[in-house]
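To start, the structure itself, in structure tokens.
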Amino acid sequence: MGRFWLLAYHPPFIIPRPMRLFHPSLFRRPELFFRPLQMIRRILWELKRPQENVVVQLPWGLHVSVSPHDRIGSSILKTGTYDTAVLECLYRLVDEGELCLDVGANFGLMTSVMAIATGEKGKVIAFEPHPEIALSLQKHIELWQNATPPIGTVQAVESAVSEANGTAELEIPREFNGNRGTARISHSTGSKEEVAEIIRVETIRLDDFLRDTQSKVGMLKIDIEGHEKTALSGAAGLLKRGAIRDIIYEGETGYPSSVSKYLEEFGYKIYLIRKGLLKPMLMPPGTPLYELGNFLATRDPQRAETRLGKKGYRILNKLR
């Protein structure tokens with residue numbers, strides 16, 4: 001299977017013959033190892049790429065409409081998922097009935113996994129400030145409500161999460177049509193050369209949004225293009241009273257960073273999330289990156305290590 005897969009992805013004139021069976025990418029493709037039929041879909045993609053949005057069923061059973069021209073959408077069409085290790089971590093770490101937050105939800109890929117994991121009695125709140133993407137997110141949520149068995153409450157909030165309530169400028173880069181996850185809150189020190197458009201959006205502060213002192217968050221996933229530290233500053237009250245158990249965030253600058261230092265002040269232990277062939281791996285945070293890093297910050301490291309110790313990718317099987 002390894003030779004067939006490598007030939008499909010890396011023609012012989014690109015990879016020298018003796019290296020084909022040992023190409024490093026083989027060890028980062030659980031999407032194909034656990035779902036070999038996905039190789040056929042990948043080949044069909046190469047032969048005839050769709051030009052319009054396609055409604056697909058995700059491996060865990062829910063449906064989404066994806067664009068073949070978008071980085072995340074094309075990945076889903078080719079491999080079935082995107083950020084597979086993060087998705088698996090979300091599924092394993094979320095308990096039934098918990099409240100989960102998806103900050104920077106995009107069209108809801110990771111929202112959908114948390115909705116499955118937390119179940120009918122749980123709740124997921126998904127924050128997405130871009131108006132067009134927020135509409136897509138809302139349509140997906142409505143589609144999921146017809147799933148069998150039913151999922152719990154999923155709420156879409158068309159706002160950016162930041163350190164204060166108010167408004168902010170959302171910068172839309174020129175590359176946006178090819179990667180709809182690249183919009184970011186404007187920073188005064190940033191370059192405007194690559195910005196194609198600026199949208200005024202509402203901002204909310206998590207400490208105010210979750211005013212109830214009894215609120216407990218099982219999982220906070222946050223991916224907002226460098227604005228993570230500012231957004232987490234608006235959740236200082238929640239962090240101080242230990243109301244958020246696990247946080248998965250994208251770390252553009254690796255470790256240490258302003259985000260990791262801030263969370264460590266509140267007692268979180270940081271791990272680098274790495275995609276292994278047989279399971280996601282929790283690595284020391286300073287492990288060198290070979291791609292953009294995703295990190296887990298947790299107040300219960302023993303629980304996290306135990307949950308992620310077993311082999312397999314459950315999200316690559318239908319969870320319904």
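The values are calculated or read from the model by the stated rules, or taken from the named source; none is laboratory data. Not measured: the values here are computed from a predicted model. Quick reminder, even Gly has a Cβ in these numbers, built from the backbone with ideal geometry, and neighbours come from all protein chains shown.
Step by step: first the residues of region 106-124, then only those that are surrounded by fewer than 22 Cβ atoms within 10 Å (Cβ to Cβ) and of a type outside the set (Asp, Glu), then the one that is farthest from the chain's Cα centre (by Cα). Which residue is that?
121
Being out of contact with any Phe, Trp or Tyr (no Cβ under 7 Å at 6 or more places or on another chain), among the polar types (S, T, N, Q), closer than 21 Å to residue 105 by Cα and assigned to a helix (DSSP H, G or I): is that true of residue 230 here?
yes
Check off (1) closer than 30 Å to residue 40 by Cβ; (2) touching an Asp or Glu at 6+ places or on another chain (Cβ under 9 Å) for residue 91 and give me the number that stays unchecked.
So the condition that residue 91 fails would be (2).
Taking the stated definitions as given, is residue 90 under 24 Å from residue 105 (Cα atoms), in the same structural domain as residue 282 (by TED's automatic domain parsing) and not acidic (Asp, Glu)?
yes
Helices (runs of 4 or more DSSP H) wholly in region 33-105 with at least 3 residues that are under 17 Å from the mean Cα position of the chain (by Cα) and β-branched (Val, Ile, Thr) - which ones?
By residue number, 71-79.
Looking at region 273-318, which of its residues are of a type in the set (A, V, I, L, M) and touching a Gly at 6+ places or on another chain (Cβ under 6 Å)?
289
Restricting to region 26-62, name every residue that is under 24 Å from residue 180 (Cα atoms), exposed (fewer than 15 other Cβ atoms within 10 Å of the Cβ) and touching a residue at least 40 places away in the same chain (Cβ under 8 Å).
None - no residue of region 26-62 is under 24 Å from residue 180 (Cα atoms), exposed (fewer than 15 other Cβ atoms within 10 Å of the Cβ) and touching a residue at least 40 places away in the same chain (Cβ under 8 Å), so the list stays empty.
Just one of the numbered conditions (1) closer than 30 Å to residue 61 by Cβ; (2) assigned to a loop (DSSP other than H, G, I, E, B); (3) over 19 Å from the mean Cα position of the chain (by Cα) is not true of residue 305; which one?
Of the numbered conditions (1) closer than 30 Å to residue 61 by Cβ; (2) assigned to a loop (DSSP other than H, G, I, E, B); (3) over 19 Å from the mean Cα position of the chain (by Cα), the odd one out for residue 305 is (2).
Which ones in region 242-277 are at pLDDT below 95 and in a loop (DSSP other than H, G, I, E, B)?
If the condition is that a residue be at pLDDT below 95 and in a loop (DSSP other than H, G, I, E, B), then 252, 253, 254, 276, 277 are the ones that fit.
Test residue 221 against the stated conditions and say whether it is outside any loop (DSSP other than H, G, I, E, B) and either in contact with a strand residue (DSSP E or B) (Cβ under 6 Å, 6 or more places away or on another chain) or not assigned by TED's automatic domain parsing to the domain that holds residue 98 (or both).
In short, yes.
Does any residue in region 224-239 that is under 15 Å from residue 209 (Cβ atoms) and assigned by TED's automatic domain parsing to the domain that holds residue 208 come within less than 7 Å, Cβ to Cβ, of a residue that is aromatic (Phe, Trp, Tyr) and not in a loop (DSSP other than H, G, I, E, B) six or more places away or on a different chain, and which pairs are these?
What qualifies is 232/262.
Name the single residue, out of those in region 278-320 being surrounded by 15 or more Cβ atoms within 10 Å (Cβ to Cβ), among the small types (Gly, Ala, Ser) and modelled with pLDDT of 95 or more, that is farthest from residue 226 (Cα to Cα).
The qualifying residue farthest from residue 226 (Cα to Cα) is 304.
Determine if region 172-184 includes at least one residue that is surrounded by 23 or more Cβ atoms within 10 Å (Cβ to Cβ) and modelled with pLDDT of 95 or more.
Checked against the condition, which is being surrounded by 23 or more Cβ atoms within 10 Å (Cβ to Cβ) and modelled with pLDDT of 95 or more, region 172-184 yields no hits at all.
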